[in-house]
Every structure is written in structure tokens, then in C-alpha cells.
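Everything on this sheet refers to the single structure shown next.
Just so you know, all these numbers are worked out from the coordinates, no wet-lab data involved. Just so you know, these numbers come straight off a predicted model, no measurement behind them. Glycine also receives a Cβ, built like all others from the backbone with ideal geometry; neighbour counts cover every protein chain displayed.
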Amino acid sequence: MSVHDRRTQKRFGGWTGLAAVLVAGLLVVFAAAVLLAGPQLLARTLPPTPVVAENVSAQAVAAQKATERGQLDSYGWVDKETGLAHIPVAEAIQQMAEAGLPVGAPKTIAAPTGAETAALPVGEVSFSSDVLPIFVERCSECHGDDDPEEGLEVTSYRTLMLGSIYGSVIKPGDVAGSYLFDQVNSGKMPKKGDRLTPTQIEIIRRWIEAGAQDN
């Protein structure tokens, strides 16, 4: 091999070694970049983790649902966030009936017999003498003058006719449209203690039917 050939081979070998060093360096840089940026790229490709409110627990959600169910069985409520009014099933059925839509047969009141008939007032029913004592005795525990539930106070004619925070509960002359009568007739009210007797229910019905007067 000539001197020229040996010099050419030495130069070529030097360039080859330099290229190998550069490639190795690039591979090291690329590997470091993957190690550093890999978790961020992986996080971008995965779906976001649902965020759970810190202050909302399963117990709180269950309690809210129970409250809403209780309100629906009572007077209903208004969802301020959605602007929707939730009304009791009985009232919804009544509205369907008024609109001419088919609904189940309305409940009927069993006519009082025997000793119960004797307890009914003769002639016109008096609010102060016949109806008010029933409300005070059986309903004032929840709807008295001290923080009445749903804003409904039944201890006087004026407060009774003002109704609850959701509107009137007595419609003079309209027994079927009187929400309070539906509640006591169905046994949903009073919530505490025994339901009203057939005689008490009949007294309230006759009073409403006669015009729900303040007499």
C-alpha cells in the first residue's frame, strides 16, 4: 500500500469515528428528550380524570335526593338552577284531569255511618267552631304560627287562605281543586300521628263545598 493510500484510509477512518460519535450523541439526546417529555405526551393522549367536588359527598347527595322526594310528596319545589317547578303527583293528576287527559279514577270519601254521623254538625259548617279546631289539634304541630312548614299556617282563617309558599291550598267551592283537602283525604297529612277521621274529613269537605267561608 502506498503512502497516499495509507493517508486516505487514515482520514476516512477519522471521519467515520467522528460520525459514530455524533450519531451516538444524537441518540443520547433523543433518549433524554423522550424520558423528559414522555409523561406529558402520555397525559395528553389519555382522557381527563373526572373532577369530584371536594365538598360533595355521597351522603350529601343522598340527603338532597331524600329532601326532594319528601318535598315532592308534600308541596313540591322549584329548582332555581334549571327553572323547573316540581309538583306532587296528586296535583299533576289533577291538572291532567282538568286538561281532559285520561287519569285514574278519583278517590272517593266513604260516607260516615253510625256514631260518626251523629258527630257531624247539623246544617252549615262553621269554620271557627267545626273546622279550625281540627286544624289546630291535628295540623298545628307542623303548620302552627312558629316557623310553619312550607309557609303554611293553619291556626287562623287568614293565614290558611294565604296558602303556602307554592300558592293557595283551599279553593272555595272546589273540593277537588283544594290541595289541602287532597292531602288530608289521602292520608298524606298530617305527617305525624294518625290520619284524620272520616268525620273530620267530611267536615272539611262540607266547609270547602259551601264556599270556605270565615264563619
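Residues whose amide H falls under 5 Å from that of residue 164, counting only those 5 or more places apart or on a different chain, are 169, with hydrogens built in the peptide plane. With contacts taken as Cα pairs under 8 Å at a separation of at least 6 residues, the stretch 116-209 carries a relative contact order of 27 percent. A Förster radius of 22 Å combined with the Cβ-Cβ distance from residue 63 to residue 186 puts the calculated FRET efficiency at roughly 0.25.
Between residue 120 and residue 171, the FRET efficiency from the beta-carbon distance, with R0 = 25 Å, is close to 0.65.
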